[in-house]
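The values are calculated or read from the model by the stated rules, or taken from the named source; none is laboratory data. Remember, it's a predicted structure, so these values are computed and weren't measured experimentally. Every residue, glycine as well, gets a Cβ built from its backbone with ideal geometry; the counts of neighbours run over all protein chains shown. These accessible areas exclude ligands, DNA and RNA; they are computed on the full protein's heavy atoms, side chains included. Shrake-Rupley method; radii C 1.70, N 1.55, O 1.52, S 1.80 Å.
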Amino acid sequence: GSGLSLYLYFLRTPATGANNIVITLSGSNTNLSCANASYTGVNQNTPFPDSSAQNAWSSGTSGTVNTTVVYTGCWLIGGAGTDGSPLSAGVGTSVNVQEGALRTSIVDSDAIVGVGSQGMQILFGSGYHAGLSIISANPAP
């Protein structure tokens, strides 16, 4: 396997102003990359109502992940990473932030998506491993 792990975290009803992200590593694991983004207009009671979907690819040059959207007006947000290849946006996807040698990225659907099965796609270099994890963001009422 690639040894890649992806995690999505969020802060509900954040205080106005700067909010720090603090990561504490234990042991000798220093192979870490992270990225962050801020989104406005997200429903604070049910910000991410759907179960997330994720996948990883050990070969090839693209990957697509789907989730089931249950509310109207949602958009997709995801985290993507590779073990060295630059990422680019595939069908229905925009790359918003790209950080670090491990190419950690924040991606989104770049538009409101419909109810039902919806997905995003990332593209990456041949011979690399990549992963993508997505959720749908429910808009504020």
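See the values below:
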| read-out | value |
| --- | --- |
| Burial ranking of peptide ranges 10-18, 34-42, 125-133, 112-120 (average Cβ count within 10 Å, highest at the top) | 125-133, 112-120, 34-42, 10-18 |
| Spin-label pair residue 19/residue 71, simplified geometry with 7 Å Cα→Cβ offset, distance in nm | 1.6 nm |
| Accessible area (Å², per residue) of the range 19-141, counting only protein heavy atoms and a probe of 1.4 Å | 52 Å² |
| Full-extension gain in nm, residue 45 to residue 9, via 0.36 nm per residue minus C-alpha separation | 11.4 nm |
